[in-house]
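The values are calculated or read from the model by the stated rules, or taken from the named source; none is laboratory data. Remember, predicted model here, so these are calculated numbers, not experimental data. Neighbour counts run over all protein chains shown; Cβ positions are idealised from the backbone, glycine included. Areas reflect the complete protein model, heavy atoms only, side chains present, ligands, DNA and RNA absent. Shrake-Rupley method; radii C 1.70, N 1.55, O 1.52, S 1.80 Å.
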Amino acid sequence: RANQTVRNVAFDLTRDLVQATPVDTGLAKSNYFLGNDPVDSTDTTASTNGAPSLGRAAQFAATVVAGGVFYITNNLPYVMALEFGSSQQAPLGFARGIVADWQGRVDRVVRGLR
């Protein structure tokens, strides 16, 4: 159950970040990477639904195990500006609220696995 909890949370967090990321070209939505270490990479694919990020999230989540650390990164130079209000779509940011609900998300996943 612990591994499944971590897998579900890793994917769900990424999915929610992708969905909440403001979209113009889709490049920001397509540049989330998951790893046991921060990933120093970017993707040139612009997908307004974030399919590249979701594909990577599903691939990583299928193998991650409990007891370690995982990172969700987005290395685009303007992603911090998006978080701090440069987009009218998310003037109050998008990532901080999702991260702040970390424990609530874990609790919901655990309840769902019972």
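Brief remarks follow.
- Within the range 20-33, none of the residues are within 25 Å of residue 104 (Cα to Cα), open to solvent by 50 Å² or more (accessible area, probe 1.4 Å), modelled with pLDDT of 95 or more and not hydrophobic (A, V, I, L, M, F, W, C).
- Residue match in the range 65-72 (condition: among the small types (Gly, Ala, Ser), at pLDDT 95 or above and on the phi > 0 side of the Ramachandran plot): no
- Long-range neighbours under 6 Å by Cβ, at least six apart or interchain, first residue within 13 Å of residue 7 (Cα to Cα) within the range 49-64, second open to solvent by 10 Å² or more (accessible area, probe 1.4 Å) and in a helix (DSSP H, G or I): 57/11; 61/7; 61/11; 64/6; 64/7
- Matching residues, the range 55-81, being open to solvent by less than 20 Å² (accessible area, probe 1.4 Å) and assigned to a helix (DSSP H, G or I): 57, 61, 79
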